[in-house]
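Enquirer: Would you mind keeping the following structure in view while I ask a few things?
What follows is calculated from the coordinates using simple rules that are stated; it is not laboratory data. For clarity, every value in this text was computed on a predicted model and none was experimentally measured. Don't worry about glycine lacking a Cβ; one is built from the backbone with ideal geometry, like all the others, and counts go over all protein chains shown.
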Amino acid sequence: MSRPSRQTSIPSGTINPGGDAKLLSSRQELIALLNKKFPGDEKERTYLKLLLEGMAKSAIKGNVHAAQLLLRYAQIEEQKAKGKRRNRPRLKHL
């Protein structure tokens with residue numbers, strides 16, 4: 001049985017002519033959501049803070065993927081602080 005040939009070029013009309021405006025908009029919306037206070041949280045933590053705390057608990061219980069993500073996040077934040085990374089829309093510090 002032969003495999004169907006893979007398309008090697010991008011079909012016309014699929015390229016975003018305006019650059020990555022859709023991606024930028026989505027990134028900005030995500031950052032805005034993560035920086036919002038989580039409704040009903042007594043400690044008034046943000047969505048980001050709650051996600052990071054949940055990932056940390058999961059990593060402590062042995063979730064290697066959660067540990068990797070947290071360590072990568074910490075590394076990126078450290079590089080930003082040292083000026084080694086290009087600045088993108090930033091998440092507020094926890």
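Enquirer: With a Förster radius of 22 Å, plug the Cβ-Cβ distance of residue 47 and residue 77 into 1/(1 + (r/R0)^6) and report the FRET value to the nearest 0.05. Kindly include the intermediate steps, with their values, before the conclusion.
Expert: On the way: r = 17 Å, r/R0 = 0.77.
That pair, residue 47 with residue 77, gives E of 0.85.
Enquirer: Using modelled amide H (1.01 Å from N, peptide plane; none on Pro or chain starts), what sits under 5 Å from the amide H of residue 38, excluding residues fewer than 5 places away?
Expert: Under 5 Å from the amide H of residue 38 lie the amide H atoms of 45, 46, 47, each far enough along the sequence or on another chain.
Enquirer: What is the diffusion coefficient of the stretch 22-81 in µm²/s, taking the Kirkwood radius over Cα pairs and the Stokes-Einstein relation at 20 °C with a viscosity of 1.002 mPa s?
Expert: Values: Rh = 12.9 Å.
So the translational diffusion coefficient is about 166 µm²/s.
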